[in-house]
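The values are calculated or read from the model by the stated rules, or taken from the named source; none is laboratory data. This structure is a prediction, so every number in the text was calculated from the model and none was measured. Reconstructed Cβ throughout: ideal geometry from the backbone, glycine too, with neighbour counts over all protein chains shown. The area values use the complete protein model at the heavy-atom level, side chains included, leaving out ligands, DNA and RNA. Shrake-Rupley method; radii C 1.70, N 1.55, O 1.52, S 1.80 Å.
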Amino acid sequence: MTRILIRGATALGAHDVDLRIRGGVITARGALTNESGERVIDARGLVALPGLVDLHTHLREPGGEASETVLTGTRAAAAGGFTAVHAMANTSPVADTAGVVEQVARLGDRHGYATVRPIGAVTVGLAGEQLAEIGAMAQSLARVRVFSDDGHCVHDPLLMRRALEYVSTFDGVVAQHAQEPRLTVGAQMNEGALSGQLGLAGWPAVAEEAIIARDVLLAEHVKARLHVCHLSTAGSVDIVRWAKARGIAVTAEVTPHHLLLTEELARGYDASFKVNPPLRRDEDVLALRAALSDGTIDIVATDHAPHPTEAKECTWAEAAFGMVGLESALSVVQHAVVDTGMLTWADVARVLSSTPAEIGRLDGYAHPLQIGSPANITLVDPSHSRVWGAVDMRGRSVNTPYVGRQLPGRVMYTIHRGVLTVDDGALVEPEAVSAAHQEVFRG
Ligand SMILES: [Zn+2]
């Protein structure tokens, strides 16, 4: 079913908007009457957003298929309202060659739940010693524009300088995981009074802030684009604000969990709250929300980090860092910054779709919900509220702290390139998604 009419949606501040979809494209907008053979979606009470774009997803394939695959990860993405994800390079083998990035992009295309844009490694094997084949990945069929050693910090300042210089030749960007490695040896949670009480090694804010300060100065020096992954401290916000005021080409992201959760949650030693960077203090959460609201932080990115149960159901010190985030991102953002009056739904469209697409140089998201744009659309019911259950987790891993908690909002429909991937709140099966893409392709 690829001839679709959406009726009565609220879209970017406008009410009662009808959208017609044909051949994977939005072909009409306004007050429309339905045509024969058209699937009509009653969107009264629903908010229409441009398909969400994640700049920071770990899909784990190749090599980590026990945690996630391109198929299961993009199904989780669709369930969360995403139509494009940028897949981090810390796979096995590492995505540091044209061959690996092309394979990852191809798998995304084959399954059809979301566009998969591979992120290329900055250094060979993420080892931090020698630049990867950045040019070859940029020129490959995967057209890589974002490069990151995420999971590791590009610590050597000369390598970071060279990477910034290299990507600027083709309008690429380096996405830095800002973590000074010597200041965080063995670190387990935010450094402060609580880490002392709990007997867990501390992760000081300065370990993040020192790298961001260095990197914005490097980006200014070589006139390149820098993106900072997962800001977690008020000090990091201050540095990015200063850099932007100076005209430095820096963008920054925050995760949903850093907008909502604090270090207090470590008290129960529940490893589902163990993330990298760690959960911080109340005042950091408030600074991050304010920075997202005033534009100092450009986007929300999930840092979706699937792990098998055994990697999280163990002692805090032994547990892996990270939580999954694709399914819950929109609900957490609604809870933390929309229902608190800090962001409008039009702001959500900006921080979860058009700006991440712009940073990643992803085509098709520049004119959201307008005639002629690819039909990437998410319809959300903001009045819905529910206690999250395991059934809401659609990826292969369930390492999330949200199961059993009440969260607002529900993704009712996701449309990727004119094809329904979520229909009336339920994921569409793989065969139906592929068949519909073929129908769109044939016209
Ligand atoms: Zn990271």
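Tabulated results
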quantity	calculated
Per-region count, region 253-310, residues open to solvent by less than 40 Å² (accessible area, probe 1.4 Å), of a type outside the set (A, V, I, L, M, F, W, C) and either at pLDDT below 95 or not in a helix (DSSP H, G or I) (or both)	17
Top-ranked residue in region 313-327 [being surrounded by 22 or more Cβ atoms within 10 Å (Cβ to Cβ) and of a type outside the set (A, V, I, L, M); ranked as farthest from H86 (Cα to Cα)]	G322
Hey, E220 acidic (D, E), in contact with a helix residue (DSSP H, G or I) (Cβ under 8 Å, 6 or more places away or on another chain) and more than 24 Å from A266 (Cβ to Cβ) or not	yes
Failed condition for Q370, given (1) assigned to a helix (DSSP H, G or I); (2) open to solvent by 10 Å² or more (accessible area, probe 1.4 Å); (3) of a type in the set (S, T, N, Q)	(1)
Residue selected from region 3-55 under the condition out of contact with any strand residue (DSSP E or B) (no Cβ under 7 Å at 6 or more places or on another chain), touching a residue at least 12 places away in the same chain (Cβ under 8 Å) and in a loop (DSSP other than H, G, I, E, B), by the criterion farthest from D347 (Cα to Cα)	G37
Residue match in region 383-396 (condition: open to solvent by 30 Å² or more (accessible area, probe 1.4 Å), within 21 Å of D18 (Cβ to Cβ) and over 18 Å from the mean Cα position of the chain (by Cα))	yes
Matching residues, region 397-416, being of a type outside the set (S, T, Y), closer than 16 Å to G51 by Cβ and open to solvent by 10 Å² or more (accessible area, probe 1.4 Å)	V411, M412
Enumeration of residues in region 110-125 that are within 18 Å of T72 (Cβ to Cβ), among the hydroxyl-bearing types (S, T, Y) and assigned to a strand (DSSP E or B)	T115
Some residue of region 57-73 being over 23 Å from A375 (Cα atoms), surrounded by 19 or more Cβ atoms within 10 Å (Cβ to Cβ), over 18 Å from the mean Cα position of the chain (by Cα) and not hydroxyl-bearing (S, T, Y)	yes
Filtered residues of region 373-408 (kept if over 30 Å from E313 (Cα atoms), of a type in the set (G, A, S) and outside any loop (DSSP other than H, G, I, E, B))	S383
